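Student: Here it is: the structure, laid out below.
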Amino acid sequence: MAHLTPELERYRAEVEEYARECGLDFFETIFEIVDWQQMNEIASYGGFPVRYPHWRFGMEHERVAKSYAYGLHRIYEMVINNDPCYAYLLECNNVVDQKLVMAHVLAHADFFKNNAWFVPTNRRMIDEMANHAARVRRYIAKHGYETVERFIDCCLSLENLIDPHAPFIKRREEDHSRPGLEEEEEPPVVRKLRVEREYMDSYINPPEFLEQQRRKLEEEKEKKKKFPSQPVKDVLWFLLENAPLESWQRDVLDIIREEAYYFAPQRQTKILNEGWAVYWHSYIMTRKALRPSELIDYADHHSGTLASHQGHLNPYKLGYELLKDIKERWDKGQFGKEWEECEDLEAKRNWDRQLGLGLEKLFEVRRIHNDVTFIDTFLTPEFCEKHKMFTYRYNEITGWYEIASREFQEIKEKLLFTLTNFGDPFIYVVDGNYRNRGELYLLHRHEGVDLRLGYAQATLRKVYQLWQRPVHLETVVDGVGVIFTYDGREHSHKEIRLTQLFLPSLSRR
């Protein structure tokens, strides 16, 4: 890696001045020049070249390197959410690309600093990653590479079982400690109703009443044994607190969980974050930094960034176009009760109150929204119609993908469904002492899509490695309630009544 050349340093100062004039507020940003091999290495480590050793980073490097060699993609830059931000520029970029990338990076840095979903993230994560790597290497030296690697494999396979909203929720302190498994307790004593005459006892306290009271006491006793008291969405946290792990294993699991929470906001804001960066690099380049001789190169790069590809949603394109639409609507006053109640299409097409509130609204959107709220709040029927959006499906008869619907509601629901919880299933810890045997009971909150059986079974095996007791997963398969179980030797399943799957409330951990 190398520092910027004098020429690039001059361009950096120029672009940074333009960005501040536009109102962007970002951390100090340190740019480094790297060649394509170094860029591939950094990308394979998720932007952090100081991470712990593991084969998955090598696998990712192989994929990225081959993709670059075959001309399938090219990484122009990388930027890290840190204070200061670190950004890596590709050495072989031409001057116009370097200026564009600098503007793009500064917009990302502004987003990292000011978006609400990034507030809980560690702003010294590059140092923390180095600390994580040092601790893992210390465990490797003590316990052996294969032992530590296998345990990291297990933890990484479960790294998505977190609650991305947990950092924003203040909860009361609860006792989630693991209860004794073999505590002997006296059977519950049923208290009879008081009677004045002994011969009235069988009438006042009939056997069916006493049995009902006994069952109620048994249920209350079982509830006291059950932990956690409310379903927990952060499965990794629950395992960290309660699984029978050695101290080094607990530390490694904590490292994996901490890094998962660090990267979660980037997954939550991919569309908005990239749209914000494209919007401002486009604005800065076309109105301030671009020279006439650079126009063609810029247009070629910019069009490539916004190009749509078959079978894929381009987050750059969707985010950029939606932000432009918000800017236009708030500049013209195309919002609010009057706009919503207007039924004259011609009047709506020519609607312009000249409010000029677009830029203010964009900065508000950048400050408070993630992808789900961004799409839910600002996607409109007019936008979908203008951009010819549709949903598609696979036709098993013809063997082709075909348009399923152009209805706005279906398009919006499909997008939100894909983005909610990153498209991952909702899994909760319901009972850490199931059947009073120390077994773990998980619940899948079914959202209309069945779990993939192979993935579910593999997940149960990995959870068992940490919990060391049988693990159960309650879900729905083809409309039928099913409990999958792994006891350390084999998988099994049984059908259950569907009504058991729906709890009155699912409080997140």
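Student: Return the total of residues in region 1-16 being within 22 Å of residue 123 (Cβ to Cβ), loosely packed, with under 15 Cβ neighbours inside 10 Å and assigned by TED's automatic domain parsing to the domain that holds residue 100. Spell out the reasoning first.
Tutor: Our first condition is that a residue be within 22 Å of residue 123 (Cβ to Cβ); within region 1-16, this holds for 1, 12, 16.
In the following step, the residues that additionally are loosely packed, with under 15 Cβ neighbours inside 10 Å were identified as 1.
Checking which are assigned by TED's automatic domain parsing to the domain that holds residue 100 leaves us with none.
Number satisfying all stated conditions: 0.
Student: Oh, and also: Given the conditions (1) closer than 30 Å to residue 339 by Cβ; (2) within 23 Å of the chain's Cα centre (by Cα); (3) surrounded by 14 or more Cβ atoms within 10 Å (Cβ to Cβ), report the number of the one that residue 428 does not fulfil.
Tutor: (1)
Student: May I pose another question? Consider residue 56 carefully, then state whether it is touching a Phe, Trp or Tyr at 6+ places or on another chain (Cβ under 7 Å), within 30 Å of residue 152 (Cα to Cα) and among the basic types (Lys, Arg). Break it down stepwise before answering.
Tutor: Working: touching a Phe, Trp or Tyr at 6+ places or on another chain (Cβ under 7 Å): no; within 30 Å of residue 152 (Cα to Cα): yes; among the basic types (Lys, Arg): yes.
It is false that residue 56 is touching a Phe, Trp or Tyr at 6+ places or on another chain (Cβ under 7 Å), within 30 Å of residue 152 (Cα to Cα) and among the basic types (Lys, Arg).
Student: Search region 337-371 for residues being closer than 30 Å to residue 112 by Cα and part of a loop (DSSP other than H, G, I, E, B), and hand back the single one that is farthest from the chain's Cα centre (by Cα).
Tutor: Quick first cut of region 337-371, residues closer than 30 Å to residue 112 by Cα only: 355-371.
From what's left, part of a loop (DSSP other than H, G, I, E, B): 355-357, 369-370.
Numbers: 355: 36, 356: 34, 357: 31, 369: 14, 370: 10 Å.
It comes out as 355.
Student: Using beta carbons and a limit of 7 Å, which pairs, at least six apart or on different chains, have the first residue in region 163-177 and assigned to a loop (DSSP other than H, G, I, E, B) and at pLDDT below 75 and the second one surrounded by fewer than 10 Cβ atoms within 10 Å (Cβ to Cβ) and of a type in the set (Phe, Trp, Tyr)?
Tutor: Once the first residue is assigned to a loop (DSSP other than H, G, I, E, B) and at pLDDT below 75 and sits in region 163-177, no partner that is surrounded by fewer than 10 Cβ atoms within 10 Å (Cβ to Cβ) and of a type in the set (Phe, Trp, Tyr) comes close enough.
Student: Another question, if that's okay. Is one or more of the residues making up region 267-276 surrounded by fewer than 23 Cβ atoms within 10 Å (Cβ to Cβ), of a type in the set (Phe, Trp, Tyr) and over 30 Å from residue 236 (Cα atoms)?
Tutor: No.
Student: For region 278-289, give me each residue that is in contact (Cβ under 8 Å) with a residue 24 or more places away in the chain and either of a type in the set (Ser, Thr, Tyr) or under 10 Å from residue 100 (Cα atoms) (or both). It would help to see each step written out before you state the result.
Tutor: Here is the first cut: in region 278-289, the residues in contact (Cβ under 8 Å) with a residue 24 or more places away in the chain are 278-285, 288-289.
Answer for region 278-289, where residues must be in contact (Cβ under 8 Å) with a residue 24 or more places away in the chain and either of a type in the set (Ser, Thr, Tyr) or under 10 Å from residue 100 (Cα atoms) (or both): 278, 279, 280, 281, 282, 283, 284, 285, 289.
Student: Please state which of the following conditions residue 222 fails to meet, knowing it meets all the rest: (1) at pLDDT 65 or above; (2) under 27 Å from residue 464 (Cα atoms); (3) outside any loop (DSSP other than H, G, I, E, B).
Tutor: Status for residue 222: all satisfied but (1).
Student: Still on this model: Identify, from the list 264, 243, 260, 289, the residue that is aliphatic (A, V, I, L, M), touching an Asp or Glu at 6+ places or on another chain (Cβ under 6 Å) and either at pLDDT 90 or above or buried (at least 17 other Cβ atoms within 10 Å of the Cβ) (or both).
Tutor: Only one candidate passes the filter, namely 260.
Student: Let me ask something additional. Tell me the helices (runs of 4 or more DSSP H) entirely within region 16-122 that contain at least 3 residues that are without any contact (Cβ under 8 Å) to a residue 24 or more places away in the chain, on the phi < 0 side of the Ramachandran plot and touching a helix residue (DSSP H, G or I) at 6+ places or on another chain (Cβ under 6 Å).
Tutor: On the way: elements: 36-44, 55-69, 95-114.
Here the list reads 55-69.
Student: Taking only region 124-151 into account, find how many residues are over 14 Å from residue 258 (Cβ atoms) and either of a type in the set (Ser, Thr, Tyr) or in contact (Cβ under 8 Å) with a residue 40 or more places away in the chain (or both). Outline the logic, then answer.
Tutor: Step one: of region 124-151, the residues over 14 Å from residue 258 (Cβ atoms) are 134, 137-151.
Checking which are either of a type in the set (Ser, Thr, Tyr) or in contact (Cβ under 8 Å) with a residue 40 or more places away in the chain (or both) leaves us with 137, 139-140, 142-143, 145, 147-149, 151.
Counting residues in region 124-151 that are over 14 Å from residue 258 (Cβ atoms) and either of a type in the set (Ser, Thr, Tyr) or in contact (Cβ under 8 Å) with a residue 40 or more places away in the chain (or both) gives 10.
Student: Is it the case, given these coordinates, that residue 445 is basic (Lys, Arg), at pLDDT 90 or above and surrounded by 14 or more Cβ atoms within 10 Å (Cβ to Cβ)?
Tutor: Details: basic (Lys, Arg): yes; at pLDDT 90 or above: yes; surrounded by 14 or more Cβ atoms within 10 Å (Cβ to Cβ): yes.
Here the answer is yes, as residue 445 does meet what is asked.
Student: I've got another one for you. Considering only residues of region 360-385 that are out of contact with any helix residue (DSSP H, G or I) (no Cβ under 7 Å at 6 or more places or on another chain) and in contact (Cβ under 8 Å) with a residue 40 or more places away in the chain, which is surrounded by the most Cβ atoms within 10 Å (Cβ to Cβ)?
Tutor: Initial filter on region 360-385 (out of contact with any helix residue (DSSP H, G or I) (no Cβ under 7 Å at 6 or more places or on another chain)): 360, 363-364, 373, 377, 380, 382, 385.
From what is left, the residues that are in contact (Cβ under 8 Å) with a residue 40 or more places away in the chain are 363, 380.
Numbers: 363: 14, 380: 17.
It comes out as 380.
Student: Kindly provide the set of residues from region 1-15 that are in a helix (DSSP H, G or I) and either of a type outside the set (Lys, Arg) or touching a residue at least 12 places away in the same chain (Cβ under 8 Å) (or both), ordered by number.
Tutor: 6, 7, 8, 9, 11, 12, 13, 14, 15 - these are the residues of region 1-15 that are in a helix (DSSP H, G or I) and either of a type outside the set (Lys, Arg) or touching a residue at least 12 places away in the same chain (Cβ under 8 Å) (or both).
Student: Then there is this: Report yes if residue 466 is within 22 Å of residue 152 (Cα to Cα), in contact with a Leu (Cβ under 6 Å, 6 or more places away or on another chain) and either buried (at least 18 other Cβ atoms within 10 Å of the Cβ) or modelled with pLDDT under 95 (or both), otherwise no. Outline the logic, then answer.
Tutor: Working: within 22 Å of residue 152 (Cα to Cα): yes; in contact with a Leu (Cβ under 6 Å, 6 or more places away or on another chain): yes; either buried (at least 18 other Cβ atoms within 10 Å of the Cβ) or modelled with pLDDT under 95 (or both): yes.
For residue 466, the condition - within 22 Å of residue 152 (Cα to Cα), in contact with a Leu (Cβ under 6 Å, 6 or more places away or on another chain) and either buried (at least 18 other Cβ atoms within 10 Å of the Cβ) or modelled with pLDDT under 95 (or both) - is met.
Student: Also: I'd like the full set of residues that are touching a Leu at 6+ places or on another chain (Cβ under 8 Å) and crowded, with 17+ Cβ neighbours inside 10 Å, limited to region 17-46.
Tutor: 19, 24, 26, 29, 31, 33, 34, 39
Student: When you scan region 305-320, how many residues do you find that are over 22 Å from residue 404 (Cα atoms), among the small types (Gly, Ala, Ser) and not assigned by TED's automatic domain parsing to the domain that holds residue 394?
Tutor: Of all residues in region 305-320, those over 22 Å from residue 404 (Cα atoms) come to 305-307, 316, 319-320.
Applying the additional criterion that residues be among the small types (Gly, Ala, Ser) yields 307, 319.
This time we only want the ones that are not assigned by TED's automatic domain parsing to the domain that holds residue 394, so: 307.
Residues in region 305-320 being over 22 Å from residue 404 (Cα atoms), among the small types (Gly, Ala, Ser) and not assigned by TED's automatic domain parsing to the domain that holds residue 394: 1 in total.
The values are calculated or read from the model by the stated rules, or taken from the named source; none is laboratory data. What you are looking at is a predicted structure, and each value in this text was computed from that prediction instead of being measured. All Cβ positions, even for glycine, are placed from backbone atoms using ideal geometry, and neighbour counts span all protein chains on display.
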